[in-house]
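Q: Take a look at the following structure, please.
The values are calculated or read from the model by the stated rules, or taken from the named source; none is laboratory data. Keep in mind that this is a model prediction, so the values were computed, not measured. Cβ coordinates were reconstructed from backbone atoms using ideal geometry, including for glycine residues, and neighbour counts include every protein chain displayed. SASA here: full protein model, heavy atoms, side chains in, ligands and nucleic acids out. Shrake-Rupley method; radii C 1.70, N 1.55, O 1.52, S 1.80 Å.
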Amino acid sequence: MATRNSSSSTAGRGRSSPKNEIIEMLKADHKKVKKAFKDFEKLDPQEDPEACQSLVEQTLAEIEVHAQLEEQIFYPAAREAIKEEELIDEAEVEHMTAKVLIEQLKGMSAEDEKFAATFKVLGEYIDHHVKEEENEMFKQMTRTGVDWDSVLIQMQEQRMALLEEKGLPPEGEAEEAGEAATSGSRSAASTARGMSRGAGEARPQASSRSRKSGSEKE
């Protein structure tokens, strides 16, 4: 009996609550967007404007999906569960400010002088916003009475609709596409390095044959 009770308790702890599933969903969004800003730092808008433009456009679309989910569904529910409601007010104001930068970027191209700087500032702003949510807001949502099951379902359904509206692939397909692109880039880079080494090795051999031919003539 003691073993069965222990197993049941462990299984219960292993299941994530709807509230925790929502928090993990939002944290996954945060992690993905933060990675996008780091990836942008490795690119040069002057050397590869198309790659920069593509990365920025996708990142902005993902931020907009995340923001709408929070504003329309998550924040109203969190307001009922949180101890300090002003954290929700501050988050909503931060969203409004971020939208100003997003609209500016939408009107720019990668060749614009302030394009990279504007995207970098947006990244710094998002980073500050994420820290406040994860370190303060999420931890204070301890009040009972919120139907987190319903909130989770609404967020999942709305996420799918927004992804389709923005022309973004479903999450599973997006991850696979990202992995495939990364793998393809590595393969191409490896092939290029191999060709470069091959060309470098061929030249000394040609030089050696030339010396040998010259020696035979003598």
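Q: Which of the following residues is in contact with a helix residue (DSSP H, G or I) (Cβ under 9 Å, 6 or more places away or on another chain), at pLDDT 90 or above, part of a helix (DSSP H, G or I) and open to solvent by 60 Å² or more (accessible area, probe 1.4 Å): 164, 136?
A: 136
Q: Within the range 106-133, can you find the residues that are within 16 Å of residue 40 (Cβ to Cβ), assigned to a helix (DSSP H, G or I) and aliphatic (A, V, I, L, M)?
A: 116, 117, 121, 122, 126
Q: Determine the pairs where a residue that is within 13 Å of residue 133 (Cα to Cα), located within the range 66-87, has a partner that is open to solvent by 20 Å² or more (accessible area, probe 1.4 Å) and of a type in the set (Lys, Arg) with Cβ atoms under 6 Å apart, the partner being 6 or more residues away or on another chain.
A: As it stands, the answer is 85/79, since those pairs meet every condition given.
Q: Continuing with the same structure: Across the range 65-88, what is the number of residues that are crowded, with 19+ Cβ neighbours inside 10 Å and charged (D, E, K, R)?
A: Residues meeting the conditions: 1.
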